[in-house]
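Chemist: Just dropping this structure here.
The values are calculated or read from the model by the stated rules, or taken from the named source; none is laboratory data. Quantities reported herein were computed from a predicted structural model and do not represent experimental measurements. Because the Cβ atoms are built from the backbone with ideal geometry, glycine has one as well, and the counts that use them run over all protein chains shown. Note: accessible area is taken over every heavy atom of the protein model, side chains too, but ligands, DNA and RNA are not part of it. Shrake-Rupley method; radii C 1.70, N 1.55, O 1.52, S 1.80 Å.
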Amino acid sequence: MNRKFRLSTALDIDDLLMECIPYAIRLANEKYKFDPPLTIYEVDRWGKLGTRADVIFEFFTEEFFRTQPVIQGAKEFVRKLSQLTEVFVCTSVYPEFMSIRIQRIMKEFPEIPQDHIYMGSRKDKINVDILFDDGMHNVFQSNATYPILMRKPWNQDATGVLAVNTYDEFLKLVEVIAEGYNLKPGQIDPEVPGVVVLVGPSGSGKNEIARYLVKKSRAFEKLISYTTDATVGIQGGEWYHYISVEAFREMCENGEMFESTVYAGHHYGSSKADVEKILESGKNVLTVMDICGAMALKTHFPKVTTVYIKQNKRELLENLLKKPLSLDEKVRRILALEAEEKNAEICDYTVKVTTYEAAAKEILEGLFGKKRKRK
């Protein structure tokens, strides 16, 4: 079955295609000689914070908007995206600078038609298939079928939404969405190992099912990822190494992490070298991730199968409430459930849980050729 229409995508500008916060921080450091220098991590939410980072707002002048640098790779990203979807821009800027913003967009991104440029902050009124934005309020309020967040320090608290860290991850996600009606994931080739990712909301039983898979099949080796969540990393350390936030950021900045995400305020990430080591041993990688990590895997590795774990709602809530989490964190995860349920649409398989052992058996049958089941 072929789609009879092109997908439409609305893009933000500030900190998605053109530098905004990082540029203002550089200008502030040059003017005020902060010691230590002001960093992007100090802007952990949008708006005035009552900290020294508030100084960045004084730089949002006419000259600022005329000279905003285009983010590295943004032009090539727009060219590639234009081949996959119809591209629009929806951007908010002070009224007196709107003409400057439009001129910059037309100059830097000629693939975007002038009549596809919308100015304003009410992005919930834009009727598109995909919204790509770094503002989590825009993503949460969007009416797009697939609102997708570009991870930045100021949206790290966003939980349960589709999110990516790079343009390549976003393009891979668009490909998965565009081909969703035609996806026919193959069975695992015993001679060519791949990666299997279990995806699902907190309390769905992903880790328990993964344990059964490792126990039942020697074809798998579990990937040990990294987290800043001490509860998961220390008490449940069979799937995660616990590291500090500073060590996590250092690994990301050094390029050691091929993917990283934030769930309920905690960082999670995986090392490409760790995945390659398992594959080179001849085994299939088994890992538990959110949809963002799963899309990053699809970006970096050729054979990745995603399995969405669908748990009975009552059982899911009971499991979640039993977790040793703060009340605030439990509330965040419950509020994220509806958004996470949509992730089943872009996974290769969906498995409904009756028991963890039965779910593991169904996954093995689907992946290795016995009574293969599709969602």
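Chemist: Could you tell me whether any residue of the stretch 350-366 is within 17 Å of V195 (Cβ to Cβ), open to solvent by 10 Å² or more (accessible area, probe 1.4 Å) and not aromatic (F, W, Y)?
Modeler: Scanning the stretch 350-366 turns up at least one residue that is within 17 Å of V195 (Cβ to Cβ), open to solvent by 10 Å² or more (accessible area, probe 1.4 Å) and not aromatic (F, W, Y).
Chemist: Let me ask you something else. In the stretch 303-319, what residues are open to solvent by 20 Å² or more (accessible area, probe 1.4 Å) and under 28 Å from K172 (Cβ atoms)?
Modeler: K303, K310, Q311
Chemist: Further question on the same structure: Pairs please, first residue from the stretch 98-113 and more than 16 Å from E76 (Cα to Cα), second anywhere and part of a helix (DSSP H, G or I), Cβ atoms under 7 Å, 6+ apart in sequence or on different chains.
Modeler: I100/E62; I100/F65; I100/R66; R101/F65
Chemist: So, one more: Answer with yes or no whether Y308 is touching a Cys at 6+ places or on another chain (Cβ under 6 Å), aromatic (F, W, Y), touching a residue at least 12 places away in the same chain (Cβ under 8 Å) and on the phi < 0 side of the Ramachandran plot.
Modeler: Judged against the criteria, Y308 is a match.
Chemist: Continuing with this model, one more query. Just checking, does the stretch 283-290 include any residue being surrounded by fewer than 18 Cβ atoms within 10 Å (Cβ to Cβ) and touching a residue at least 60 places away in the same chain (Cβ under 8 Å)?
Modeler: Within the stretch 283-290 (the criterion being surrounded by fewer than 18 Cβ atoms within 10 Å (Cβ to Cβ) and touching a residue at least 60 places away in the same chain (Cβ under 8 Å)), the answer is yes, since at least one residue qualifies.
Chemist: Give the residues of the stretch 115-134 that are of a type in the set (A, V, I, L, M, F, W, C) and not in a loop (DSSP other than H, G, I, E, B), sorted by residue number. Outline the logic, then answer.
Modeler: Of the stretch 115-134, the ones of a type in the set (A, V, I, L, M, F, W, C) are 117, 119, 126, 128, 130-132.
Correct list: I117, M119, I130, L131, F132.
Chemist: Which one of the conditions (1) of a type outside the set (K, R); (2) more than 23 Å from T159 (Cβ to Cβ); (3) open to solvent by 30 Å² or more (accessible area, probe 1.4 Å) does E338 fail to meet, given that it meets all the rest?
Modeler: Against the list (1) of a type outside the set (K, R); (2) more than 23 Å from T159 (Cβ to Cβ); (3) open to solvent by 30 Å² or more (accessible area, probe 1.4 Å), E338 comes up short only on (2).
Chemist: Also, I was wondering about something else. Pairs, please: C-beta under 7 Å, at least 6 apart or cross-chain, first residue closer than 13 Å to Y41 by Cβ and in the stretch 244-268, second in a strand (DSSP E or B) and of a type in the set (K, R)?
Modeler: Once the first residue is closer than 13 Å to Y41 by Cβ and sits in the stretch 244-268, no partner that is in a strand (DSSP E or B) and of a type in the set (K, R) comes close enough.
Chemist: Here's something else I'd like to know. Need pairs with beta-carbon distance below 8 Å; first residue closer than 20 Å to H266 by Cβ and within the stretch 35-47, second open to solvent by 80 Å² or more (accessible area, probe 1.4 Å) and part of a loop (DSSP other than H, G, I, E, B); sequence gap 6+ or separate chains.
Modeler: Once the first residue is closer than 20 Å to H266 by Cβ and sits in the stretch 35-47, its partners that are open to solvent by 80 Å² or more (accessible area, probe 1.4 Å) and part of a loop (DSSP other than H, G, I, E, B) give R45/D157.
Chemist: Under the condition of being at pLDDT 85 or above and of a type in the set (S, T, N, Q), which residue from the stretch 229-276 is nearest to the chain's Cα centre (by Cα)?
Modeler: So the residue we want is S270.
Chemist: While we're on this one: Please pick out the residue among V245, V214, V262 that is surrounded by 18 or more Cβ atoms within 10 Å (Cβ to Cβ), on the phi < 0 side of the Ramachandran plot and of a type outside the set (S, T, N, Q).
Modeler: Answer to the selection: V262.
Chemist: What pairs come up if the first residue lies in the stretch 325-336 and is without any contact (Cβ under 8 Å) to a residue 40 or more places away in the chain, the second is in a loop (DSSP other than H, G, I, E, B) and open to solvent by 60 Å² or more (accessible area, probe 1.4 Å), and their beta carbons are under 9 Å apart, counting only those six or more places apart or on different chains?
Modeler: Between residues of the stretch 325-336 that are without any contact (Cβ under 8 Å) to a residue 40 or more places away in the chain and residues that are in a loop (DSSP other than H, G, I, E, B) and open to solvent by 60 Å² or more (accessible area, probe 1.4 Å), the close pairs are K330/K323.
Here's the yes/no breakdown for (1) closer than 20 Å to G205 by Cβ; (2) in a strand (DSSP E or B):
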{"position": "V262", "(1), (2)": "no, yes"}
{"position": "E276", "(1), (2)": "no, no"}
{"position": "G293", "(1), (2)": "yes, no"}
{"position": "K298", "(1), (2)": "no, no"}
{"position": "Y308", "(1), (2)": "yes, yes"}
{"position": "E315", "(1), (2)": "yes, no"}
{"position": "N319", "(1), (2)": "yes, no"}
{"position": "P324", "(1), (2)": "yes, no"}
{"position": "E329", "(1), (2)": "yes, no"}
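Chemist: Can you pull out every residue in the stretch 28-53 that is of a type outside the set (S, T, N, Q), in a helix (DSSP H, G or I) and open to solvent by less than 40 Å² (accessible area, probe 1.4 Å)?
Modeler: Step one: filter the stretch 28-53 for residues of a type outside the set (S, T, N, Q), giving 28, 30-38, 40-50, 52-53.
With in a helix (DSSP H, G or I) added as a condition, the list becomes 28, 30-32, 40-42, 52-53.
Listed by number, the residues that qualify are A28, A53.
Chemist: Next question. For the stretch 268-282, give me the residue count where each residue is touching a strand residue (DSSP E or B) at 6+ places or on another chain (Cβ under 6 Å) and either surrounded by 17 or more Cβ atoms within 10 Å (Cβ to Cβ) or of a type in the set (S, T, N, Q) (or both).
Modeler: Just the residues of the stretch 268-282 that are touching a strand residue (DSSP E or B) at 6+ places or on another chain (Cβ under 6 Å), to begin with: 268-270, 272, 275, 278.
Applying the additional criterion that residues be either surrounded by 17 or more Cβ atoms within 10 Å (Cβ to Cβ) or of a type in the set (S, T, N, Q) (or both) yields 268-270, 275, 278.
Here the count works out to 5.
Chemist: Here is a further query. Does L149 count as at pLDDT below 85, aliphatic (A, V, I, L, M) and closer than 21 Å to I71 by Cβ?
Modeler: So L149 fails the test.
Chemist: Just name the residue that is modelled with the highest pLDDT out of those in the stretch 76-114 that are assigned to a helix (DSSP H, G or I), of a type in the set (D, E) and open to solvent by 60 Å² or more (accessible area, probe 1.4 Å). Full working, then the answer.
Modeler: First pass over the stretch 76-114, keeping only residues assigned to a helix (DSSP H, G or I): 76-84, 95-108, 114.
Next cut, of a type in the set (D, E) only: 76, 96, 108.
Filter again for open to solvent by 60 Å² or more (accessible area, probe 1.4 Å), leaving 76, 96.
Values: E76: 98, E96: 93.
Going through the qualifying residues, I end up with E76.
Conditions tested, residue by residue: (1) farther than 17 Å from I13 by Cα; (2) touching a residue at least 12 places away in the same chain (Cβ under 8 Å); (3) in contact with a Pro (Cβ under 6 Å, 6 or more places away or on another chain); (4) charged (D, E, K, R).
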residue: R66; (1), (2), (3), (4): no, yes, no, yes
residue: I71; (1), (2), (3), (4): no, yes, no, no
residue: E86; (1), (2), (3), (4): no, yes, no, yes
residue: H116; (1), (2), (3), (4): no, yes, no, no
residue: M119; (1), (2), (3), (4): no, yes, no, no
residue: A144; (1), (2), (3), (4): yes, yes, no, no
residue: P147; (1), (2), (3), (4): no, yes, no, no
residue: D157; (1), (2), (3), (4): yes, yes, no, yes
residue: V164; (1), (2), (3), (4): no, yes, no, no
